[in-house]
Amino acid sequence: MTARWWEFINGDWVKLSLRPEHVLEWERHHRHEEGYTLEMCRWEAEGTKVIRTWYEEGRDCDGRLDRECVTWCPYSQLKSNRPTKDIPKEILRPNWQIMSKSQRDYAAEAAGY
């Protein structure tokens, strides 16, 4: 069974398809006046669920910051979230459940927090 769902990628809604035991990956890197931002997302079909790992790292005037969030959604709930006023009615989004999340603030660590 192929999993299909909507994700907001590069400023627009995209319908993704993922076959069993396969992986999709996306990343975006851009520089800005204060540093850079790197975003990555990986979707993996595992049994009857999709596992999504989102990672972001960046540097700006406050220093370096890394964040990661791992979520999962059973195939049966990939089209479960109802749209909001800002999202078209045909966009039914996954009901992602958080498995783990982390954040590392290098400047705060260096300051002893």
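Read-outs: derived from the displayed coordinates by stated rules, not from any lab. All values reported here derive from a predicted model rather than from experimental measurement. Cβ sites come from the backbone with ideal geometry, for glycine too, and all protein chains shown count toward neighbours.
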From 56, 33, 46, grab the single residue that is within 16 Å of the chain's Cα centre (by Cα) and of a type outside the set (Phe, Trp, Tyr). 56
When you look at residue 113, is it over 23 Å from residue 4 (Cα atoms), free of Cβ contacts under 8 Å to residues at least 24 places away in the same chain and assigned to a loop (DSSP other than H, G, I, E, B), yes or no? yes
Residue under evaluation residue 68, criteria (1) out of contact with any Asp or Glu (no Cβ under 9 Å at 6 or more places or on another chain); (2) under 18 Å from residue 7 (Cβ atoms), criterion not met: (1)
Checklist (1) assigned to a loop (DSSP other than H, G, I, E, B); (2) surrounded by 14 or more Cβ atoms within 10 Å (Cβ to Cβ) applied to residue 56, failing item: (1)
Criterion violated by residue 4 - all others in (1) within 15 Å of residue 95 (Cβ to Cβ); (2) in a loop (DSSP other than H, G, I, E, B); (3) of a type outside the set (A, V, I, L, M, F, W, C) satisfied: (2)
Scanning segment 72-107 residue by residue, those free of Cβ contacts under 8 Å to residues at least 40 places away in the same chain, touching a Leu at 6+ places or on another chain (Cβ under 9 Å) and not charged (D, E, K, R) turn out to be 80, 81, 83, 95, 103
